[in-house]
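Right, one structure below, let's go through it.
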Amino acid sequence: MENFREIENKWGKFWEEHSELYQADNDSEKNKKYILVEFPYPSGSGLHVGHAFSFTGGDVYARFKRMQGENVLFPMGWDAFGLPTENYAIKMKRKPQEVTKENTDMFRKQMKDLAFSFDWSREVNTTDPSYYKWTQWIFIQLFNKGLAYKKEMPINWCPSCKIGLANEEVVDGKCERCGSEVSRRNISQWVVRITEYADKLIEGLEKTNFIEKVKQAQINWIGKSEGAKIKFKVKSLSSSSSSRDAMHGVSTDYLEVFTTRPDTLFGATFMVIAPEHELALEMAKNNEEIKKYISETRKKSDLERTELSKDKTGVFSRLYAINPANGKEIPIWISDFVLASYGTGAIMSVPAHDERDEEFAKKFGLEIISVYDEKNNKVLNSEFLNGLNKKEAIKKMIEWISEKGIGEKTSSYHLRDWIFSRQHYWGEPIPMVNCPECGWVPVSEEQLPIVLPEVGAYEPTDDGKSPLSKIESFVKTKCPKCGGEAERETDTMPNWAGSDWYFLRYIDPHNDTVLASQELMKYWCPVDVYIGGDEHNVLHLLYSRFIYKFLWDLGVVPKEQPEPYYKRLSHGVILGPDNQRMSKSKGNVIVPEVVADKYGVDVVRMYMMFMGPFDSTMAWNENTLMGVKRFLDRFEQFIKLQINQTESETAKNREIKVILNKTIKNITEMNEQFKYNTAIAQMMELLNSLSGYKIGVEDTKTLVKLIAPFAPYIAEELWYKLENEGSVHVAEWPKTDPQYLIEEEVMIMIAINGKTRSELKIETDKIDNKDLILDLVKKDEKIIKWIGTNDIVKEIYIPGKMVNLVVKL
């Protein structure tokens, strides 16, 4: 289409003036379809090809479902808090608020240019106080239910960004954002008890239609393990005053461990505690070697510490524990491969049956006792467990420790409680007040939102505190409980906070009395299809499901909908022309806007959907893109040739009707399954089949409707030229006529002794006449040759499919 810019401007203006075309109706009696794409972080570089690809996939489906007569909610908003904007604003000496507005304005324009049919009347922005009022409200509910607490804990510290990082934000020991080496430091943090919902998060997956890959990613991250907790009595190395003093500082005389193999207790020959464990910290007070080891550990990330291939390090604590199974004294070591945040921060080590423990034991000369015969699946060297298999031994040992009062059956999880504090400016203020008399108290709900103050200086501080801590007018306040002098929390919330519940706010974005109306949520929930990247299949999805389940327990969301998302669809990845991930440094970045300026939006949209399966990894190929452009040009020319034709010219052309109806059926099925590449291939085949025919007005309209979700601009223009009222995007999706889905002739395969030797074409109305079919088969020249003088001993006929002659050779 030579004049694509003119057509894009024309119909872009039309859609802007008729925004109701794409607006969802809260009062509709139609079936609802809630289609969600992950709202983007609005960076200064604008929409990248990944955005364009996933949003186009969602848009095609939304347009398709609207034309099928469904009430479609397809919203968009901005996940706009976060470090990149703050860092950019600091560098450019500008306010993050200004930068965010510029970026969201740019993104919105680019999305409209790419013909994404979002319902802009429901636009949300996580940085809008009217939005984060409810993010803060959710935090208060978490605190009131005992699920948010303050804790002094070791965190990953980025010296460049000057903030604490979650474990997930540390990649290969470096900050995910800036690439700086990460260190460890202790800091008081808000933490959310997501672990309380671990079982619910696993069980809830059964109520979803997530693909197995997504379910397994969630289950693996939660990492539920069945086992037992066991107590070991602690005994000091000697009666020296230093050992006694150290022991007096410890709050318990026991070490508690979690193990999945309580049946191996007799083989536990030493224990290992984390360097952050209270016992290790107390012993370090009087031991320089221990103190130095703990100091070195603080420089390592959790990932580095738990790397299986790394050389094992450790230091003896000068303490022993008593193995409760056999009464033996076993040494307590301190090693960085044990994390304080995992389990109890202490483990029992059975080096005969654990590779990591064996390496450690051999390095430090510790005893190794075998208690299990792997070959015969029998326990040995374990007194009352001897001769039992693994399952029997686990059951009996749990019974034994329970009877002795030194342990119990329990579960442990890889999932950790969620660190909810960030020491930076550009985030939601945490709505808590610290009072000398009352402790931590939430602000009253009437005071919400606690608005992020606009300030002149918001650079991170070297002391690890948020820039808000320097603003006295923000910090100083009154305690909501007693009215006394108090101080506001100056940490802000993590990036995830605003994106955990945004899909609910789309349902009722302007409600200032509740998060969203129960009635509307009951209609729209759950999200029918949630399109996003593999990188968010674990954390974002897990955090979001957790917050929803918490709100469900509060009765805030409908009881009829225990899960927020019904189907999660992972979109694919587009590589550069060099088959590498796109990056500025490689010079292989494809900018959708630039390609669209050259070839037109419809070409870009249709090409991205044609590249390959929607969930696959594909490389950008200019030659294939040009093939799509040529197809669209041919399509436009074909439709224009049909515009002056009349229906009577082709009303009786059954061949065309059969081809068209088959294509309608196939494209409808493909669109429903997000198999867009095969749907487009079907359209290309259809155009080839119809080339040279005059198909009539109604069939011409059908072709335009079929292409409309993929190429909205050209479809709208051709629909207009066909003298239709209104937009093609709310026209009724084509339906098949059953009479044209039945073939007039079918092909029946002919086999001899199970091997296909020929085929028979016959009219559909004759396929039930077995005698006729067999007679024709026996007259087939190829079959006569294959049978020769041999006898036919059996004749098998599968109607309309196959004839198999069993021949005695």
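The values are calculated or read from the model by the stated rules, or taken from the named source; none is laboratory data. Computed from a prediction, not measured in an experiment: that's the story for all the values here. Please note: Cβ atoms are built from the backbone with ideal geometry, for glycine as well, and neighbour counts cover all protein chains shown. Surface areas here come from the heavy atoms of the whole protein model, side chains and all, with no ligands, DNA or RNA. Shrake-Rupley method; radii C 1.70, N 1.55, O 1.52, S 1.80 Å.
Loop-resident trypsin sites (Lys or Arg not before Pro) (DSSP state other than H, G, I, E or B) in the stretch 685-794 with no more than 14 further Cβ atoms inside 10 Å of their Cβ: K735, K779. Residues whose amide H comes within less than 5 Å of that of N753, counting only those at least five positions distant or on another chain, are L805, V806, V807 (H built at 1.01 Å from N in the peptide plane).
Here mean projected area of the Cα convex hull in nm² was calculated from the structure, and among [x] 34.4; [y] 38.5; [z] 47.4 it sits at label [z].
For the chain, the longest principal axis of the alpha carbon atoms and the long axis of helix 676-690 meet at an angle near 10°. For I752, the accessible surface of its heavy atoms amounts to roughly 20 Å² (probe 1.4 Å, protein chains only, rounded to the nearest 10). As I understand it, the value is the acute angle between the Cα axis of helix 212-222 and the longest principal axis of the Cα atoms of the chain; what does it come to in degrees, rounded to 10? For 212-222 against the chain, the angle is about 10 degrees.
Ordered from highest to lowest accessible area with the whole protein assembly present and a 1.4 Å probe, E636, E359, E2 read as E2, E359, E636.
Computed over protein heavy atoms with a 1.4 Å probe, the accessible surface of the stretch 510-565 works out to 34 Å² per residue.
Between 0 and 90 degrees, the angle of helix 712-721 with respect to the longest Cα principal axis of the chain falls at about 30 degrees.
The residue among N644, C161, S349 whose Cα reaches farthest toward the positive pole of the charge dipole of the chain, with charges on the beta-carbon of Lys, Arg, Asp and Glu, is S349. For the residue pairs K312/K404; K133/K481; K145/K299; K229/K391; K91/K584; K65/K207, alpha carbon separations beyond 26 Å are given by K312/K404; K145/K299.
For H48, the solvent-accessible surface with a 1.4 Å probe is about 90 Å², rounded to the nearest 10.
Loop-located trypsin sites (Lys or Arg not before Pro) in the stretch 124-160 (DSSP state not H, G, I, E or B) with no more than 14 neighbouring Cβ atoms inside 10 Å: K145. Taken one residue at a time, the phi angles of the stretch 73-87 give Karplus couplings (6.51, -1.76, 1.60, θ = phi - 60°) of 9, 10, x, 8, x, 9, 8, 9, 6, x, 5, x, 5, 4, 5 Hz. Gly and Pro are set to x. Between amide H atoms placed 1.01 Å from N, distances below 5 Å from V573 occur with S616, T617, M618, all of them 5 or more places distant or on a separate chain.
When each of the peptides 330-338, 426-434 is scored by the mean number of other C-beta atoms lying within 10 Å of its residues, the order from highest to lowest reads 426-434, 330-338.
In the assembled protein chains, S412 presents an accessible area of approximately 10 Å² (probe radius 1.4 Å). Magnitude of the charge dipole for the stretch 258-302, about its Cα centre and with charges confined to Cβ atoms of Lys, Arg (+1) and Asp, Glu (-1), is about 160 debye.
Write out the GluC sites (Glu not before Pro) in the stretch 740-809 meeting two conditions: DSSP loop, and at most 13 other Cβ atoms within 10 Å of their Cβ.
E743, E744
Separation of the alpha carbons by more than 31 angstrom is noted, of K567/K662; K30/K200; K112/K174; K33/K150; K93/K586; K549/K705, for K30/K200; K112/K174; K33/K150; K549/K705. Across the stretch 341-355, coupling constants 3J(HN,Hα) worked out from phi with the 6.51/-1.76/1.60 Karplus curve, θ = phi - 60°, read 7, 10, x, 9, x, 9, 9, 9, 10, 10, x, 5, 9, 8, 4 Hz, and Gly and Pro carry x.
Computed over protein heavy atoms with a 1.4 angstrom probe, the accessible surface ordering of T513, T410, largest first, is T513, T410. The listed residues S295, S236, once ranked by accessible area (1.4 Å probe) with the largest placed first, stand as S295, S236. Think of it as helices only: each DSSP H run of n ≥ 4 in the chain is worth -39500 (n - 2.57), and spread over all residues that comes to -11000 deg cm²/dmol at 222 nm. The charge dipole of the chain, taken about the Cα centre with unit charges on the Cβ atoms of Lys, Arg (+1) and Asp, Glu (-1), comes to about 1600 debye, rounded to the nearest 20.
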